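Peer 1: Before I ask anything, here is the structure I am working with.
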Amino acid sequence: MHTLHPLLAAFVPIWFMTAVGYLVGRTGLLGPQAEVVLGRFVFHVAMPAALFTMIARTPLDSFANTSMLAFVAGTAVASLLGVVAARWWFGRSLADRTIAGMAAGYVNSANLGIPVALQVLGDASFIAPVLVFQVLVVTPVVLALLDAGTGRSEGDGERRGRAARLLMLPLRNPIVLASAIGALASAAGWHLPPTLGHSCELLGGAGVPTALITLGMSLHGRRPADGPAQRAEVGLTVAIKTLVQPLVALAVGSLVLHLPQHQLLAVVVCSALPTAQNVFIYAREYGLSTALARDSVMFSTLLSMGTLSLAGWLLRRG
């Protein structure tokens, strides 16, 4: 019971803001284009501001953490399984396979990871390298694949310009560009003037609630996965995310790296976090079907409170 109530407190804001978004979509309060406009605001404005602020203040040497190898292993295995299943079992395109892999292995470390870490671990320090890894390593790969899979990287259709365009991805994608600038600022020890820094914080702070409201709006008028194949894809993706990813991290952390208990607990808890709403935002921004991303975020969030509680209880007893 000591674990359940703090976790519930961490999850309630997510459910509440998603419910608000659903009501906004159901009532048509913001008009028919609200979901598109809000999604673009998150992707092009709020999320870049939040990522720049977070990374600029995070020492990059925090990434050099042995326990991160276990988290990376869990992420890699889960993402690869998501991609393989999407390709061989469900016949998805490159772009849709990329979203499936992200839904299976990209954790909600930003708005949920911090409160969960504070409540379960008593310390959120491990979240920083997780954020750095996801933003500076995973996200550029994901966006490059989405560019390639949707044809954005080819521009006017000339294949010979594709490689050059992918190399220019940081200059074309606001999320990658903001992350790169934040990493440069962190490495150089640069700091924004207090007034400008506070402005970036305010702008970035709008990203998470707006993304959740957009996610809630997407639920109105759209059924959950329909048909055996779609339901099987969502179920498999959520199972990989909530079970396989933390189990792989546990196996690598305990059997290979022999991590001490507190580090092992941090790795497993962070790996058991649900799918991030970024997956939905990316799918919507690139004009892909958002059904898998939307349902994976919703169901993994609902289930992860149980898996997080179980992981915390078992590892503490161990």
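Any read-out appearing in this document is the output of simple, stated calculations on the displayed coordinates, not a laboratory observation. Just so it is clear, the model here is predicted, and its values are computed rather than measured. Neighbour counts run over all protein chains shown; Cβ positions are idealised from the backbone, glycine included.
Peer 1: Sticking with the crude label model, points 7 Å out along Cα→Cβ, report the distance from VAL37 to HIS191 in nm, one decimal please.
Peer 2: 3.8 nm
Peer 1: Separate question: Please give the net charge around LEU38, taking every other residue with its beta carbon less than 14 angstrom from that of LEU38, where Lys and Arg add +1 and Asp and Glu add -1.
Peer 2: Local net charge: 0.
Peer 1: D for the stretch 175-318, whole µm²/s, Stokes-Einstein with Kirkwood Rh over alpha-carbon pairs at 37 °C and 0.692 mPa s: what number?
Peer 2: The calculation lands on 184 µm²/s.
Peer 1: Then there's this: Based on the mean of other Cβ atoms within 10 Å per residue, sort peptides 40-46, 25-31 so the most packed one is first.
Peer 2: My ranking of the peptides, most packed first, is 40-46, 25-31.
Peer 1: Under a plain spin-label model, where a point goes 7 Å from the Cα along Cα-to-Cβ, how far apart in nm are VAL12 and VAL137?
Peer 2: 3.6 nm
Peer 1: Also, quick follow-up: Could you sort 249-260, 231-242 so that the peptide with the highest average Cβ count within 10 Å comes first and the rest follow in order?
Peer 2: So the peptides 249-260, 231-242, ranked by packing, come out 231-242, 249-260.
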